[in-house]
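Only one structure is covered here, and it is reproduced in the block below.
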Amino acid sequence: MSSLQQQQDALAAYIRDPDNIAPPPGIEPRRLKIYRELFFNNVSGLLAGNFPVLHRIYGDAGWQTLIRDFYRDHECRTPLFPELPREFLRYLEARLIEPYGQRGGIADPVWLYELAHYEWVELALQISEASIHDIPHDSDGDLLAGSPVLSPLAWPLAYAWPVNRIGPDYRPETPPLQPTLLLLRRESNGKVSFHALSPLTYRLLQRLDLEPELSGHQQLLALAEEAAAQDLDAFLHEGRSMLARLQEEGTVLGTRA
C-alpha cells in the first residue's frame, strides 16, 4: 500500500463485504474479525431498535441478511448516527426498483417500504428541529375568517397498506380498498402520539398545508364541493367543529398572523 488512504479504503471495503473482498495485507485475521463484527453489529443493533416490527417479521437470520445487503450496497449521504435510519429507508426505497431486492430468490414484502417509513417517521418527528414558533400565528384568531395554520409538529400521513397493524402475525398480500390515514403529532412533553384520521379530516389537513392562504371558511367550502355534500349548512357546521377540535388538540395552531 502506497498511502494511509489506500489502507483505509482497503480495510473499509473488506469490512463492508468480507465475502467478496480480500482482506488488506499485513493485518492479523483475528483483529480483522473484531473490526468486522464490531461495525456490523453496531449498525444492525441500532436499526433493529428503530425498526422493531421489521426486525420481528424478518427474524434474526433474515434481518442479518437484510442489514448485510444495506451495509454492503448503500452509499450513505451522512456519517451521523441519528440519520442512519433515514439512510436505511432510502435503501429500502431503492430496493423497490433495483434487482437486489430479490437476492437469494426471496422477494421483499410489497409493504416493506411503507412499513419502514411508518416506523421511521416517529423518530423523524421526535428529532425534528421544527417548532410551533416557526410560523407566526394568532392562537385566538377566528378559524373561519382567518387562515388556519397547521402545526409543523403534526404530520398527516397516508399509506396504501395498514402499516399500523402489520406484524409477524399479520402480513397482508393485497392492500385494502381504503388507505390507512394517520396523524402523528409531537406533544408538548416531546412524545409522539398516533391518531387515526377520517378521509375528510385528512383531506382538510392536506388542504391546510397545500393552500395555506385560504380562510377556514373557504377551505370548508372547497371541501364540501369535493365531497359533494348534500346539506351545505350541516357540512359547514361540522367543519367548524372539526377545526375547533383540531386546534384544541394542537394539530392546528390558530390563524396565520
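The values are calculated or read from the model by the stated rules, or taken from the named source; none is laboratory data. Note that the coordinates shown come from a computational prediction; the quantities given were computed from them, not determined experimentally. For neighbour counting, all protein chains shown are included, and Cβ atoms are generated from backbone atoms with ideal geometry for every residue, glycine included.
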Verdict on Gly105 being at pLDDT below 90 and not aromatic (Phe, Trp, Tyr)
yes
So which of Val163, Val149 ends up being over 13 Å from the mean Cα position of the chain (by Cα) and assigned by TED's automatic domain parsing to the domain that holds Gln247?
Val149
Give region 49-81 a look and list any residue that's over 21 Å from Asp17 (Cβ atoms), part of a helix (DSSP H, G or I), under 19 Å from the mean Cα position of the chain (by Cα) and at pLDDT 90 or above, or say none.
Gly49, Asn50, Pro52, Val53, Leu54, His55, Arg56, Ile57
How do the pairs read when you match residues in region 132-145 that are among the hydrophobic types (A, V, I, L, M, F, W, C) with residues anywhere that are assigned to a loop (DSSP other than H, G, I, E, B), using Cβ under 7 Å and keeping only pairs 6 or more apart or on different chains?
Ile132/Ser151; Ile132/Pro152; Ile132/Leu153; Ile135/Pro152; Leu144/Ser215; Ala145/Ser215
Acidic (Asp, Glu), out of contact with any Cys (no Cβ under 9 Å at 6 or more places or on another chain) and farther than 25 Å from Ser151 by Cβ: is that true of Glu75 in this structure?
yes
